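**Q** Would you mind keeping the following structure in view while I ask a few things?
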Amino acid sequence: MGAPLASWPWASLGSYKYLLYGPLVAKVAQAWRETGSLPLGSSWCLHLLLLLALRSLTFQLWFSYGNMLFFTRRRRVVKDGVDFRQIDAEWDWDNMVILQTLIAATAMGSPAFPGVSELRVWDPRGWGLALLLHVTVSEPVFYWAHRALHRGPLFRQYHAKHHSSPVTQPLTAGFGTPLEALLLTLAMGAPLAGAFLAGAGSVSLVYGYVLLFDYLRCMGYSNVEVISHKAFAAFPPLRYLIYTATYLSLHHREKDCNFCLFMPLYDALGGTINSESWELQKQVDQGMNDRVPDFVFLAHVVDVVSSMHVPFAFRSCSSLPWATHPVLLPLWPVAFGFMLLQWFFSKTFTVSFYFLRGRLHQTWSVPRYGFQYFIPSAKKGINRQIELAILRADKMGVKVISLAALNKNEALNGGGTLFVSKHPNLRVRVVHGNTLTAAVILNEIPSNVREVFLTGATSKLGRAIALYLCRKKIRVLMLTLSTERFLKIQREAPSEFQQYLVQVTKYQAAQGCKTWIVGKWLSPREQRWAPPSTHFHQFVVPPIIGFRRDCTYGKLAAMRLPKDVQGLGSCEYTMERGVVHACHAGGVVHCLEGWDHHEVGAIDVDRIDVVWKAALKHGLTPA
């Protein structure tokens, strides 16, 4: 058995732990049924549920703010990213909130505790007394208890888990053991209990003090410096009255200093202030921790609902492959409103980042959604957004920028050719990543295949796949109505291999072919022409829906990043953890290899094997 109060009693319940709120909900429902209205003036249970919602919102808003890199990137204290290991460890961060709510329900449900109807909404005496008790009781008790938790056995059994998170986040504030949660409950509850015992309690005090307590905890754990160093310079005593994200991060890193709850005064009295706290806080506030990315993947939003998959929205969503969750559907109007704001007012912004072998890789997003790329009048504006992003990357000193999916559409900008032609002196290398995409698809095809059916045959990828396969003496049935385009591609093949490229104009021509390479959307009617046991390889966006149960469907071309990737904590759309689209991986390889050429326009078939071998050499593997 482990140490007492070192593990959560409901750990095995998973998501069913939220049923612990059931009695509170039941009491509110019963009172509502009896009175015909919400019991705001008679039930503490309702207020506890409202407070629970507000507390959860406080943590969520601070989490979102801290991870909005376009706002906070320059003021991040710890430059590393939050990886999947930390996210999984902190998954049940809200255990602390559950425990505190249950304790409060027990205390407020006792006959000795005054009812809501007996209290004032506002009582300044209670606020003054709570402040006094916070400074004289909560702060010193937490300080000395926290120092005790850093001693030998206590640290190993109760506090090491909390310090296992290398990068603090607002959600890290709730991550720990029951003993730590009880200590925080004591620190939070003592001022409230004192005010109520003195007859000066009020409803506003409960809401205000608890939410302010959470606010300050989230601020310290946000990993973003929000207090200007100029405030401390103008009024030096302030540094002993309020801590900062830098102050707390030093505690998490060093573990032998900066133990206070919110007031560094007690560290000063106890001789445990880190002497670097204020100078480091000044450096972070001035943006000295910022650095230029080596590689940028320029993405775009797919649709309104999936826009909520961004890392600064919901961590439990972005850390898993995208799927439509019913709980997100009520937020659709909010997401739609943000889409309109981005359409009219936004510019390219930073979404996420990770480190690979000392290089900083970032994902930027063009503030445009998938459907907008097919609006003719939007074409000019989208290209302008992409161009500005490339010029910004060039000015910053970025080495490689890779274009995602629709950002490199042939009809939009010729696969990036437009920007390279317009700005011939670019230092940043523009890459469409299609060479590696073609390589991934080609290496998925079994070696014993002698015939394939290819749709989207005259696109950039279709052309490259056809020319590569015909050199392997594989017969390629190229579906296209344009004989002119077909002949143009066929003439690019060496004369001895041209016979392996065959133009077909109907899906019926592939009735005997079990390997379909799909570069154009297929309807259920079109899929029915494939014989049983057909495998559909895909490079169409969005991917086709698998209507045939007697066939198999491949995923979009993707590669798994090397094992030594650091700080990766979000999934790229529907990809598994650690997996990125092949066009993203193509830019990564370009950066790791240090190639100094652009990769735009048509795919160089001769470089497909070169890029594939380079990807494998650097530890990227097929997903």
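**Q** When you scan segment 389-471 for strands (runs of 3 or more DSSP E) that lie fully inside it, which ones turn up with 2 or more residues that are within 15 Å of residue 599 (Cβ to Cβ) and either at pLDDT 95 or above or charged (D, E, K, R) (or both)?
**A** Filter on segment 389-471 gives 400-403, 429-431.
A quick yes/no check of all residues on (1) assigned to a strand (DSSP E or B); (2) under 16 Å from residue 451 (Cα atoms); (3) modelled with pLDDT of 95 or more; (4) touching a Cys at 6+ places or on another chain (Cβ under 7 Å):
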site: 490; (1), (2), (3), (4): no, no, yes, no
site: 499; (1), (2), (3), (4): no, yes, yes, no
site: 513; (1), (2), (3), (4): no, yes, yes, no
site: 516; (1), (2), (3), (4): yes, yes, yes, no
site: 521; (1), (2), (3), (4): no, no, no, no
site: 526; (1), (2), (3), (4): no, no, yes, no
site: 536; (1), (2), (3), (4): yes, yes, yes, yes
site: 540; (1), (2), (3), (4): no, no, no, no
site: 544; (1), (2), (3), (4): no, no, no, no
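**Q** Quick one: what pairs do we get from segment 334-349, first residue without any contact (Cβ under 8 Å) to a residue 40 or more places away in the chain, second hydrophobic (A, V, I, L, M, F, W, C) and open to solvent by less than 30 Å² (accessible area, probe 1.4 Å), C-beta under 6 Å, 6+ apart or different chains?
**A** Once the first residue is without any contact (Cβ under 8 Å) to a residue 40 or more places away in the chain and sits in segment 334-349, its partners that are hydrophobic (A, V, I, L, M, F, W, C) and open to solvent by less than 30 Å² (accessible area, probe 1.4 Å) give 335/304; 335/308; 336/304; 339/304.
**Q** Return the residue satisfying two criteria in turn: it lies in segment 546-564 and is touching a strand residue (DSSP E or B) at 6+ places or on another chain (Cβ under 8 Å) and part of a loop (DSSP other than H, G, I, E, B), and of such residues it is nearest to residue 463 (Cα to Cα).
**A** For segment 546-564, the residue satisfying everything is 557.
**Q** Is it true that some residue in segment 181-194 is in contact with a His (Cβ under 7 Å, 6 or more places away or on another chain), in contact (Cβ under 8 Å) with a residue 24 or more places away in the chain and under 25 Å from residue 56 (Cα atoms)?
**A** Yes, some residue in segment 181-194 is in contact with a His (Cβ under 7 Å, 6 or more places away or on another chain), in contact (Cβ under 8 Å) with a residue 24 or more places away in the chain and under 25 Å from residue 56 (Cα atoms).
**Q** Still on this structure, I have one more. If you scan segment 569-591, which residues turn out to be at negative phi and open to solvent by 20 Å² or more (accessible area, probe 1.4 Å)?
**A** The answer is 570, 572, 574, 576, 577, 581.
**Q** Please indicate, with yes or no, whether at least one residue in segment 529-545 is of a type outside the set (A, V, I, L, M), surrounded by fewer than 19 Cβ atoms within 10 Å (Cβ to Cβ) and under 31 Å from the mean Cα position of the chain (by Cα).
**A** yes
**Q** Next question, about the same structure. If only one of 209, 221 is touching a residue at least 40 places away in the same chain (Cβ under 8 Å) and within 25 Å of residue 257 (Cβ to Cβ), which one is it?
**A** 221
**Q** Would you check which residues across segment 195-206 are in contact (Cβ under 8 Å) with a residue 40 or more places away in the chain and either open to solvent by less than 30 Å² (accessible area, probe 1.4 Å) or in a helix (DSSP H, G or I) (or both) and list them?
**A** Across segment 195-206, the qualifying residues are 195, 196, 200, 201, 202, 203, 204, 205, 206.
**Q** Just for segment 472-483: of the residues that are in a strand (DSSP E or B) and aliphatic (A, V, I, L, M), which one is surrounded by the fewest Cβ atoms within 10 Å (Cβ to Cβ)?
**A** Here the residue is 477.
**Q** Now for a different question. Hey, which of the helices (runs of 4 or more DSSP H) in segment 248-355, taking only ones fully inside, have at least 1 residues that are over 30 Å from residue 138 (Cβ atoms) and open to solvent by 20 Å² or more (accessible area, probe 1.4 Å)?
**A** It comes to 277-285, 315-318, 332-345.
**Q** What are the residues in segment 61-101 that are open to solvent by 50 Å² or more (accessible area, probe 1.4 Å) and either under 25 Å from residue 212 (Cα atoms) or assigned to a helix (DSSP H, G or I) (or both), if any?
**A** Those that are open to solvent by 50 Å² or more (accessible area, probe 1.4 Å) and either under 25 Å from residue 212 (Cα atoms) or assigned to a helix (DSSP H, G or I) (or both): 61, 65, 70, 71, 73, 74, 75, 85, 88, 91, 92.
**Q** Let me ask something additional. Checking residue 390 against (1) closer than 30 Å to residue 471 by Cα; (2) open to solvent by less than 30 Å² (accessible area, probe 1.4 Å), which test does it fail?
**A** That leaves (1) as the condition not met.
The values are calculated or read from the model by the stated rules, or taken from the named source; none is laboratory data. Note that this is a predicted model, so its numbers are computed, not measured. We place every Cβ from the backbone using ideal geometry, glycine too, and count neighbours over all the protein chains shown. The protein model used for the area step is the full one, side chains on, heavy atoms only, and it has no ligands, DNA or RNA in it. Shrake-Rupley method; radii C 1.70, N 1.55, O 1.52, S 1.80 Å.
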